[in-house]
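Visitor: Following this message is one structure expressed as structure tokens.
The values are calculated or read from the model by the stated rules, or taken from the named source; none is laboratory data. For clarity, every value in this text was computed on a predicted model and none was experimentally measured. With ideal geometry, Cβ positions are generated from the backbone for all residues, glycine too; neighbour counts draw on all protein chains shown. Just the protein is used for accessible areas: all its heavy atoms, side chains included, with ligands, DNA and RNA removed. Shrake-Rupley method; radii C 1.70, N 1.55, O 1.52, S 1.80 Å.
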Amino acid sequence: MSKKGLFGLASKAGDVAAINWYPGHMASATKAIRERIKVVDLVVEVRDARIPLSSANSEFQDLLERKKRLIVCNKMDLANPNMTLKWESHFQKLNQRLVFVNAHQTKSVRKMLEVAWDLLREKLAKEPTLLLMIVGIPNVGKSALINTLFRHAHAIAKSEQEHLKKAKVGPLPGVTQHISGFKVPAEFYSLVTSCVHIRLKSNLMMLRVLCGFSQIGEKPSVYVLDTPGVLVPNIDNIDTGLKLALTGAVKDSVVGEERVARYLLSVLNARSSHLRWTPELSQAECDTSEIGANVRNVIAQTCLKFDGNLEDKDDMESLVDEQMITIRRIFKVPSEVGDDGWIRVSKQLLKLFRTGRLGRFTLDPVPVMT
């Protein structure tokens, strides 16, 4: 289906207005990031595995390319595994260090730490103190990643019968006056062994990390700046904006729940996603509950019976209308609530998608390299 058709279908009225969400705190955070990134030794750029390109903040790319960087594509459990392999190959050809993770799994995060350790190995041999920065757009899982690091560190400290100690906040933004030390186990080359959040005046967050490595006599200190999620001031590409909205990087209220839900259905229809929803579909791939199965069945059956042209905007919109009406019955949203009912239907449908209960999808296609 043509992009024009997909854009028009994103809204029942065929509206293709630009999607922009740039509140004041993002402007402040952007300025703070640009100021502090100059002294950073490694930037960990967190993206969404379903949109490895669309989830990159284009305003920071020129800056990040001049720094030592590790791209972390989170939510790999929601992305198409085959597409993930293709994206890994793509970034490898670009000579960019990238790792796909599920921030809720310690094993997955350890993989990321091994790559970070490799990137920092040379500097760690020379510098007693290093500074890392975590950046990314909203809702890519930066907080989940940090929380897993903290749990991981806590588990190590507990196994060693040690207690984590909080670092005191210093008078200057981004700096602690005193470091509370603790014993670091050297059983593996993990970059992070303890994490403590500290609120900074500049709206940045600082994550204090004290590291230990078995090959090094000293225990270098590594400070990690965790920044708020920021978008670009203007998202000129409508397709990119809708992908960001669909994956939750832009608030639903900014775009409109129904507009995003209809875009989702148009994408599923255009990509013939129903062909993957077979009885043999792995339980790990989709929601096996009655509601999830019924929604998938509605999308599949209506698309299979559809005799129109999916390349035609009006035909696709007609199909999406039929699917929305049937899905509303599945969610048992009464007609008495009127148009507000469509918002309720849209919210439930989007929840199914965002939690992986409709399957694992990668929305960004891998660019063809010439």
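Visitor: Of LYS243/LYS347; LYS107/LYS243; LYS67/LYS123; LYS305/LYS332, which ones are farther than 18 Å apart at the Cα?
Guide: LYS107/LYS243; LYS305/LYS332
Visitor: Using amide H atoms built 1.01 Å from N in the peptide plane, name the residues 5+ places from LEU70, or on other chains, whose amide H lies under 5 Å from its own.
Guide: Those qualifying (amide H under 5 Å, at least 5 residues apart or on another chain) are VAL43, VAL44, GLU45.
Visitor: Still on this structure, I have one more. Return the distance in nm (one decimal) between the two label points of a simple spin-label model at GLU322 and ASP62, each offset 7 Å from Cα along Cα→Cβ.
Guide: Roughly 5.0 nm, to one decimal.
Visitor: With r defined as the distance between the Cβ atoms of ASN297 and VAL39 and R0 fixed at 45 Å, what FRET efficiency is calculated, to the nearest 0.05?
Guide: Efficiency at R0 = 45 Å is approximately 0.25.
Visitor: Per 0.36 nm of contour for each residue apart, how much would the distance between GLN105 and LYS332 grow if the chain were fully extended, relative to their Cα-Cα spacing?
Guide: 78.2 nm
Visitor: Report SER318's accessible area, 1.4 Å probe, all protein chains in place, as a number in Å² to the nearest 10.
Guide: 70 Å²
Visitor: A further question follows. Using a 1.4 Å probe on the protein heavy atoms only, what accessible surface does TYR22 show? Give it in Å² to the nearest 10.
Guide: It works out to around 70 Å².
Visitor: Tell me the carbon and sulfur percent of the accessible area for region 316-370, rounded to whole percent, probe radius 1.4 Å.
Guide: Accessible surface attributable to carbon and sulfur in region 316-370 totals 53 percent.
Visitor: At 7 Å along the Cα-to-beta-carbon direction for both SER253 and ASP312, put a label point, then send me their distance in nm to one decimal.
Guide: 4.0 nm
Visitor: A further question follows. In nm, give the distance between the simple-model label positions of GLU114 and THR129, each being 7 Å from the Cα along the Cα-to-Cβ direction.
Guide: Inter-label distance under the simple model: 3.2 nm.
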